[in-house]
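For reference, the structure discussed in these notes is given below.
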Amino acid sequence: MSTPAPLWRFPGGLMLPGHKDLSTSRPLGRAAIPPQLVLPLQQHIGAPANPLVQVGDRVFKGQMLASPEGFVSAPIHASTSGTIIAIEDRPVPHPSGLNAPCIVLESDGQDLWCEHQGHPDYASLDPSALRNLIRDAGIVGLGGAGFPAFIKLNPGARTSVETLILNGAECEPFISCDDMLMRERAEEVILGARIMRHALRAKHCLIGIEDNKPEAIAAIRAALQHLNQPEIQVVVVPSRYPAGGEKQLIKALTGKEVPSQGLPIDIGVVCHNVATAASIFRAVELGEPLLSRIVTITGHAAAQPQNLEVLIGTPIRDVLDQCGGDNGQPHRLLLGGPMMGFALQHRDLPITKTANCLLLATEADAPDRQAISECIRCGQCAEVCPIRLLPQQLYWHTKAKDFDKAQDYDLFDCIECGCCSHICPAQLPLVQFYRFAKTHIWAQDREKRLADQARERHEFRLFRQQREKEEKAARHKAKAKAVAKGGDDETKKAAIQAAMERAKAKKVAQQTGEPVAEQLPTAQHAPSSTASPAEPEKETKS
Ligand code: SF4
Ligand code: SF4
């Protein structure tokens, strides 16, 4: 048995009631195949995918329907077999409430797979081939915002990373999808971790799990023993929100701090979610792209809280119906947990790759915060901030729309954990101010980038026109020079010709005994070199 890794404490944070047992008391279930699935082309960070199919096409389960556009992107696959009935804008689960392009698939109920093949001998593949398999399987980070997983499996300039961390902390109240995954599919998680280690050439691997998940901890430890993986260790972390934040977990497990505006790889660490590891195992060893995920249906207004494995694209309404809908209590429907989730306007939205929890939240579960006073400068927000930011200062500057100042206070280091809003006695919706400011700055940056690109294009066009003008002038000059040079050549040719004629005349004169031009006084020479050698002789004679 290897020595357990030491634990470090991250700053701030909150002890929150977990409410996990609401949804873990029932076993993991499987949601039914719905009659229609809606697959947004963007379910990940980066560029939306490009459709490869047309309306009317028959498709099979696992078939790629849209290919990645550029490096930071991910493909979309058919979650079941059926027919494409539309490619159009549909409502998607996003705080903006806006529509986005989607592929609509009518299922045939047969769930027929396309041809697919796994690579059980993953160790024979080199890391770049592995990353390509993972990219083509459409795998994105399943615990966060959906960053394409293959990118985070590239150590970049490094030849290897020190530590691969699997995040099984799942610290936000109510959410238990990772807990159930680790309890019921622990070996898939470990097999995925092995593949990730190989891709990253990671020296060792730590799996961080909060101490409120004893069944998951036991299951993962048993799988490690069964699969004989001594270089992968479970580290139990205290349940304190947000222990599952990437930076907080890295700090807790390694004592290292990710630099401001930096990435974990900067300190030799890569962090992935446990569910991402399990889907990487299925993609590489079984050849299955990412077609489903585990979703927690919970909250004190849920009739039958449970975890279900749901096909990507299944309407939320169908998922909720399968769990008996609500129990009649007044509630709001949130996507995600009470700290970081957002309210959904309606239920006709699809489950996407990043949808971890449907929370039918009573007012007590997730208070709909409305400010009751202005900031009273109590400083409690700063005490709980896990990043050691000054939320109160951020609030004042974002409220005043002084975004430069907000950035001076490291706005972009804020992980939007909501600890500050949760503790604020004035009930200020602080995170909403930060999100608004970030969105505004991104939009400004984008506009500036577009303006810069337009200016660069214009300047390049002017440069090109000037260059073409100069090249044309140079060509003309060269041509003129060539013509002039041609004239010189004519002169030279004539001179040579004249010399040859003179030599000939000299020879003739020597034979006949007559004087030649060179032997006469200079004044008697022909006036022009082009004159015939015979002429001077005539002139001399006359
Ligand atoms: S907790 Fe709220 S009231 Fe107190 S300083 Fe922070 S923002 Fe102001
Ligand atoms: S939301 Fe941002 S500012 Fe507030 S506590 Fe979390 S990291 Fe700190």
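Residues Arg135, Arg183: which one is more than 19 Å from the chain's Cα centre (by Cα), surrounded by fewer than 24 Cβ atoms within 10 Å (Cβ to Cβ) and part of a helix (DSSP H, G or I)?
Values: Arg135 fails: more than 19 Å from the chain's Cα centre (by Cα).
Criteria check complete, one pass: Arg183.
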From the list Ala406, Ala400, Ala371, pick out the single residue that is within 15 Å of ligand 2 (Cβ to nearest atom), free of Cβ contacts under 8 Å to residues at least 60 places away in the same chain and of a type in the set (Gly, Ala, Ser). Ala406
Filter region 231-267 down to the residues that are in a loop (DSSP other than H, G, I, E, B) and acidic (Asp, Glu), then identify the one that is nearest to Gly18 (Cα to Cα). Glu257
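Determine whether Ile76 is within 20 Å of Phe150 (Cα to Cα) and not small (Gly, Ala, Ser).
Details: within 20 Å of Phe150 (Cα to Cα): yes; not small (Gly, Ala, Ser): yes.
Yes; evaluated as a whole, the condition is true for this residue.
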Output for region 341-365, where each listed residue is buried (at least 21 other Cβ atoms within 10 Å of the Cβ) and within 16 Å of ligand 2 (Cβ to nearest atom): Gly341
Of the residues in region 413-468, those that are within 9 Å of ligand 2 (Cβ to nearest atom) and surrounded by fewer than 11 Cβ atoms within 10 Å (Cβ to Cβ) number 0
Taking Gly379, is it without any contact (Cβ under 8 Å) to a residue 24 or more places away in the chain, more than 25 Å from the chain's Cα centre (by Cα) and within 16 Å of ligand 2 (Cβ to nearest atom)? yes
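Does Ala371 fit the bill of being near ligand 1 (Cβ under 10 Å from one of its atoms) and small (Gly, Ala, Ser)?
So Ala371 fits the description; yes.
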Which of the numbered conditions does Ile316 fail, given that it passes all the others? Conditions: (1) more than 26 Å from Lys251 (Cβ to Cβ); (2) within 16 Å of ligand 2 (Cβ to nearest atom). (2)
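Being β-branched (Val, Ile, Thr) and within 11 Å of ligand 1 (Cβ to nearest atom) is the filter; apply it to region 374-395 and report the residue that is surrounded by the fewest Cβ atoms within 10 Å (Cβ to Cβ). Give the derivation first.
The initial filter retains those residues of region 374-395 that are β-branched (Val, Ile, Thr), namely 376, 384, 387.
So of that shortlist, the ones also within 11 Å of ligand 1 (Cβ to nearest atom) come out as 376, 384.
On the way: Ile376: 12, Val384: 20.
Within region 374-395, the match that is surrounded by the fewest Cβ atoms within 10 Å (Cβ to Cβ) is Ile376.
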Kindly state which strands (runs of 3 or more DSSP E) lie completely within region 21-122 and contain at least 1 residues that are within 30 Å of Met182 (Cβ to Cβ) and touching a helix residue (DSSP H, G or I) at 6+ places or on another chain (Cβ under 9 Å). 64-67
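Of these, Gly324, Gly336, which one is within 16 Å of ligand 2 (Cβ to nearest atom) and modelled with pLDDT of 95 or more?
Working: Gly324 fails: within 16 Å of ligand 2 (Cβ to nearest atom).
The match here is Gly336.
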For the subset of region 396-443 comprising residues that are under 27 Å from the mean Cα position of the chain (by Cα) and of a type in the set (Lys, Arg), which member is nearest to ligand 1 (Cβ to nearest atom)? Arg435
Quick one: count up the residues across region 211-263 that are closer than 19 Å to Asp413 by Cβ, out of contact with any Cys (no Cβ under 7 Å at 6 or more places or on another chain) and acidic (Asp, Glu). 1
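Every residue, every condition in (1) assigned by TED's automatic domain parsing to the domain that holds Leu206; (2) under 24 Å from Tyr122 (Cα atoms); (3) surrounded by fewer than 21 Cβ atoms within 10 Å (Cβ to Cβ), yes or no:
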site: Gln229; (1), (2), (3): yes, yes, yes
site: Gly245; (1), (2), (3): yes, no, no
site: Thr276; (1), (2), (3): yes, yes, no
site: Ile294; (1), (2), (3): yes, no, no
site: Ala301; (1), (2), (3): yes, no, no
site: Thr314; (1), (2), (3): yes, no, no
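The values are calculated or read from the model by the stated rules, or taken from the named source; none is laboratory data. None of the values given here were measured: they were computed from a predicted structure. Methodologically, a virtual Cβ is constructed for each residue, glycine included, from the backbone with ideal geometry; neighbour enumeration extends over all protein chains shown.
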